[in-house]
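Notes to accompany the following structure.
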Amino acid sequence: MRAAITAVGGYVPEKILTNADLEKMVDTNDEWIRTRTGIRQRHIMEDGKATSDICVEAINQILKKKNLSPNDIDLIIVATVTPDHVFPATANIVSHKIGATNAFSYDISAACSGFLYGLETGAKFVESGKYKKVIICGADKMSAIIDYQDRNTCVIFGDGGGAVLLEPTEENGIIDSILKSDGVGKEFLHQKAGGSLLPPSHETIDKRMHYVYQEGKTVFKFAVTNMAQVSRDLMDRNNLSGDDVDFLAAHQANLRIIDATAKRMELEKDKVLINIDRYGNTTAGTIPLLLSDFEDKFKKGDTIILAAFGGGFTWGAIYLKWAYNS
Ligand code: COA
């Protein structure tokens, strides 16, 4: 028995932050941002709302599409680096908010690869035969940890995310995956304070240590090499050529990283799903947002490769066959 994605939902908050808006906040310009990253705008969540609210919106779309009651859900996994609180898990809050009284729930922390880690984990629960309806969310309110005085990071990230429903299937579904991590990446992409090593203090706040710290150039090099390689490895071990793959749904961190991955996979341009221009990098949110935005393009039996790279470092790729016509 395999696990298949049988429904998707996606959500971004209404408020838009354009490149022109950012020009007024830091020393940057629209041309630099577009040519270096491919981003035109990103969505920003209002105060008082959190990552759990993104998940709730996406899950409610799924429940409506599938005519399900929240009580039908067995398990909810939320992948995020911007949980509502350090504890409890955002997934606990989400299941309470939607009224999923029969579900157990927990979070996964794997930065931009979080959704793939969640999908792999959720699929194993379904394949075990014990759980029939598993929700995987990938969502981040990155604006909560971005320094809007730091041009190196504030132009890249945005808020948003999505969710998928996993159910058992005899055909199609998730076929293979390769997931990796290497803690060497911590040095180049992390949040310095707020955890148990450096709990919040006046000093950590004064030194702006609660924001994303990134050495962009180094992260870029690791991302290009690893996301392309893992995607190619997954294709090779399943005897897939570029012609066999219908779509690449890659983490939307930088258009140039996505292009390099597609090139390594020998994919035609129209098979590469892109929405980074509208949302920026929503961390764990990018891949479910892609699946939600492009769901209408997918046909039952289509071969789709999901690929991600993120903080940790974490990276990976998943090979699946789409299970339904939408
Ligand atoms: N606007 C204008 N100039 C900027 C800028 C901005 N927002 N940010 C940086 N610059 C400047 C730099 O200061 C540098 O100037 P200098 O040459 O005078 O020192 C110049 O632009 C080039 O910077 P560099 O960092 O070499 O640019 P880059 O081509 O590597 O692009 C990133 C920067 C961040 C877009 C790119 O490195 C990247 O996408 N990295 C990966 C990020 C990522 O994927 N993170 C999430 C992990 S999944």
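The values are calculated or read from the model by the stated rules, or taken from the named source; none is laboratory data. Worth saying up front: this structure is predicted, and the values here are computed from it rather than measured. Cβ atoms come from the backbone with ideal geometry, glycine included; neighbour counts cover every protein chain shown. The accessibility values were calculated without ligands, DNA or RNA, using every heavy atom of the protein model including side chains. Shrake-Rupley method; radii C 1.70, N 1.55, O 1.52, S 1.80 Å.
Quick notes
- Condition check for residue 201: more than 13 Å from the ligand (Cβ to nearest atom), under 18 Å from the mean Cα position of the chain (by Cα) and open to solvent by less than 50 Å² (accessible area, probe 1.4 Å): no
- Residue in segment 276-286 that is surrounded by 23 or more Cβ atoms within 10 Å (Cβ to Cβ) and away from the ligand (no atom under 14 Å from the Cβ) present: no
- Of all residues making up segment 223-237, the number that are open to solvent by 70 Å² or more (accessible area, probe 1.4 Å) and closer than 16 Å to residue 252 by Cα: 1
- Among the residues of segment 15-30, the ones that are within 10 Å of the ligand (Cβ to nearest atom) and either assigned to a loop (DSSP other than H, G, I, E, B) or over 12 Å from residue 278 (Cα atoms) (or both) come to 7 in all.
- Unique residue being within 16 Å of the ligand (Cβ to nearest atom), buried (at least 18 other Cβ atoms within 10 Å of the Cβ) and not hydroxyl-bearing (Ser, Thr, Tyr) when the list is 110, 100: 110
- Selection count, segment 31-54, where residues are within 16 Å of the ligand (Cβ to nearest atom), among the charged types (D, E, K, R) and surrounded by fewer than 20 Cβ atoms within 10 Å (Cβ to Cβ): 4
- Of the residues contained in segment 160-181, one or more are found to be within 16 Å of the ligand (Cβ to nearest atom), closer than 30 Å to residue 20 by Cα, open to solvent by less than 20 Å² (accessible area, probe 1.4 Å) and out of contact with any Cys (no Cβ under 7 Å at 6 or more places or on another chain).
- Of all the numbered requirements in (1) free of Cβ contacts under 8 Å to residues at least 24 places away in the same chain; (2) away from the ligand (no atom under 16 Å from the Cβ), residue 76 misses one, and that requirement is (1).
- Residue 86, sole failed condition from (1) surrounded by fewer than 22 Cβ atoms within 10 Å (Cβ to Cβ); (2) within 16 Å of the ligand (Cβ to nearest atom): (2)
- Strands (runs of 3 or more DSSP E) completely within segment 224-321 that count 2 or more residues being free of Cβ contacts under 8 Å to residues at least 24 places away in the same chain and under 18 Å from the mean Cα position of the chain (by Cα): none
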